[in-house]
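Structure, as C-alpha cells:
The values are calculated or read from the model by the stated rules, or taken from the named source; none is laboratory data. If you're wondering where the values come from, they're calculated on a predicted model, not measured in any experiment. Don't worry about glycine lacking a Cβ; one is built from the backbone with ideal geometry, like all the others, and counts go over all protein chains shown. All accessible areas refer to the heavy atoms of the entire protein, side chains included, with ligands and DNA or RNA removed. Shrake-Rupley method; radii C 1.70, N 1.55, O 1.52, S 1.80 Å.
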Amino acid sequence: MKKINLKNGITLILEKTESNLVSFGYTVKAGSNNENENQHGIAHLVEHMMFKGTTTKKYYEINKQIESVGGYLNAYTCQNVTRYYCTIPSEYWKIGADTITDMIYNNTIPDEELKKEKKVVEEEIIMYDDKPNYYLENRMYEQLFKDYHNRRSIAGTVEEVDSYTRDDVINFISQHYYPSNFIITIVGGFDEDEAEKYIIKITEKNSKNINFTEYNNEVKEFKPYNLESKVYEYKKSDINQILVQFAMFLPGMNTEDWAALTVLNNIIGGNASSILYNEIREKLGLCYHISSRITFMSDVSILSGYAGVNKNSNTIIEDIKKLLFSLKDRITDEMIENSKKYVNGISLMENETVDQINDLISIKEVNGIETTLEEDAEKVNKVTKQDIFNAIDKYVKEDNICFFKLTK
C-alpha cells in the first residue's frame, strides 16, 4: 500500500492488486458526529445532494457515466465520515475518478432538486421506521445518546430534514468539504505512478472551486454513563413478534481490547455456534433469530444483541442476562480457538473484493489504525482466555447494559 500526502492537503492511498476492477473513492471526514445542534441529519442529506448535478452534468448523467461502462456508483454516511465510491472495470477507472471528483468539487445543489430529494430522504426515514427491527434500533440509539443529539440517528427526523434550506446544505459543505478533509483511495488493477499524477492533475484543476468556511471541526467526545440494567419498552401496533435488544458501551475503534472484544462478541452471539444461539434458540426454542454484533466507532462502540421472540417469552430478558453474567463459567478454550478462526475467516471473506478492501483502508485511515489484515489476524490469534475474561470484567456488567423491548 502506498500513502501520499498531496500538496493540496489530500491524503491519497493506492493499493495495487491483481484485479480487472478498480474501486475508487473519496472519504470525507464529516458525518453525523460533526453536525451541530441545528444540523441533525444534514450530513446524510448532503450525501444525497452530491448526486443531483454539477456544473458540467445533470443529475441523470452522473450515474449514467459510470454505469454505461459497466461500473457501479454509490455513497453512504456514518458517524464520522461520508464516503463516495465506485467500482469500475480497470480500463475505465479514470471515468470513475473524474465523475466523483466532479461531484465533490463542482456540485451545484439545485434548489428544485433539493426540494425533491428532501422528500426522498424523508421516505427513507419512514421506510426504516416501518421495519420493527430498525424502529427498535433507532430507539436504542436515541436512548444511548440522549444527550448527544447528532449521534441519535444518522438520517435525522422527517421534520428536521424538511426544515433545511439550500443555504443550510451549502454551509455544511463549505464547513467540511475541503481538500485536507479528503482521503482518496484507489484499489485494484491500475498503474500507481499514472494514478498519482492523474489525481494530482484533476484535484489541482478543481481546487479553485472549493469555497471553504473556517469552522471548528472538533467533535464533542462521548462519555459513557451507567446504563443501570434498565428496560425501555415501546409499542408498535403492526407487529407479530416481541422484539428485544440489549446494548453495552465499549471503547472506540482504536483500542487495545479490540481483538479480545471481537472474539468475545462472536462467542456471545456472532454465529450459530454462539452461546445465545445455542441456549436461547436451540435449547429453549424461544426465537428464530438471535445474534449480537459490535458497532465500532471512533470514541465509543456499542455491543448490541437482537432477538425476535414469541408472545409467551416473558423471561427472555432475564434469560439473556443470566447467560451474559455467567460467561466466565461457560467459555471454554475450544470456544475461544474456534471463535478466533471464525473471526479471521470472516475477515478474509469480507475483504476479498476491491470495494471491500477500499472501504477497510478508508475507515482505518480515518481512525488512525495502521495495521494490515495480516497484523489484525495475528492480534486475534494471540487472544488468550485471560484477555477474554478481562474484557468481560471491564464491560459485561450490570451497570453497563440496558434492554429495549418492542411489543404490540
Query raised in the report: Of all residues in the range 329-379 being over 18 Å from K16 (Cα atoms), open to solvent by less than 30 Å² (accessible area, probe 1.4 Å) and of a type in the set (A, V, I, L, M), which is farthest from the chain's Cα centre (by Cα)?
Result: I331
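Given F325, F403, which one is within 26 Å of the chain's Cα centre (by Cα) and either farther than 30 Å from D238 by Cα or crowded, with 18+ Cβ neighbours inside 10 Å (or both)?
Values: F325 fails: within 26 Å of the chain's Cα centre (by Cα).
Within the list F325, F403, the selection yields F403.
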Query raised in the report: Under the condition of being in contact (Cβ under 8 Å) with a residue 60 or more places away in the chain and assigned to a helix (DSSP H, G or I), which residue from the range 155-174 is surrounded by the fewest Cβ atoms within 10 Å (Cβ to Cβ)?
Result: D168
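Name the single residue, out of those in the range 42-54 being assigned to a loop (DSSP other than H, G, I, E, B) and not aromatic (F, W, Y), that is farthest from E160 (Cα to Cα).
Only one residue fits best here, namely G53.
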Report summary line: Apart from one, (1) open to solvent by less than 60 Å² (accessible area, probe 1.4 Å); (2) at positive phi all hold for E122; the odd one out is (2)
Query raised in the report: Are any residues in the range 73-84 more than 20 Å from S298 (Cβ to Cβ) and open to solvent by 40 Å² or more (accessible area, probe 1.4 Å), and if so, which ones?
Result: N74
Requested in this report: Check S339 against each of (1) in contact with a helix residue (DSSP H, G or I) (Cβ under 7 Å, 6 or more places away or on another chain); (2) within 16 Å of Q241 (Cβ to Cβ); (3) small (G, A, S) and name the one condition it does not meet.
Outcome: (2)
Report task. Would you check which residues across the range 53-74 are of a type in the set (S, T, Y) and closer than 14 Å to A97 by Cα and list them? Result -> Y72
Report task. Give the residue, chosen from K208, K223, that is out of contact with any Pro (no Cβ under 7 Å at 6 or more places or on another chain), without any contact (Cβ under 8 Å) to a residue 12 or more places away in the chain and more than 30 Å from D129 (Cα to Cα). Result -> K208
Report task. Mind listing whichever residues of the range 192-230 are surrounded by 12 or more Cβ atoms within 10 Å (Cβ to Cβ) and within 17 Å of Y141 (Cβ to Cβ)? Result -> V219, K220, F222, P224, Y225, L227
Query raised in the report: Out of the range 40-72, which residues are open to solvent by less than 10 Å² (accessible area, probe 1.4 Å) and in contact with an Asp or Glu (Cβ under 7 Å, 6 or more places away or on another chain)?
Result: H40, G41, I42, A43, M49, G53
Query - Selection within the range 253-270 - touching a strand residue (DSSP E or B) at 6+ places or on another chain (Cβ under 8 Å), open to solvent by 10 Å² or more (accessible area, probe 1.4 Å) and not hydroxyl-bearing (S, T, Y) - result: M253, D257, N265, G270
Report summary line: Scanning the range 79-109 residue by residue, those more than 28 Å from K208 (Cα to Cα), modelled with pLDDT of 95 or more and not small (G, A, S) turn out to be P89, E91
Query - Every pair of residues 6+ apart whose Cβ atoms lie under 6 Å, when the first sits in the range 370-384 and is within 11 Å of I336 (Cα to Cα) while the second is part of a helix (DSSP H, G or I) and of a type in the set (A, V, I, L, M, F, W, C) - result: V380/A259; V380/V343; V383/A259; V383/A260; V383/V263
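Table: residues versus (1) part of a loop (DSSP other than H, G, I, E, B); (2) among the small types (G, A, S); (3) under 21 Å from S362 (Cα atoms).
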position	(1), (2), (3)
E15	no, no, yes
S19	yes, yes, yes
S23	no, yes, yes
N33	no, no, yes
E37	yes, no, no
H40	yes, no, no
T56	yes, no, no
Y60	no, no, no
Q65	no, no, no
**Report entry** Those residues of the range 243-252 which are of a type in the set (S, T, N, Q) and open to solvent by 10 Å² or more (accessible area, probe 1.4 Å), in sequence order
**Finding:** none
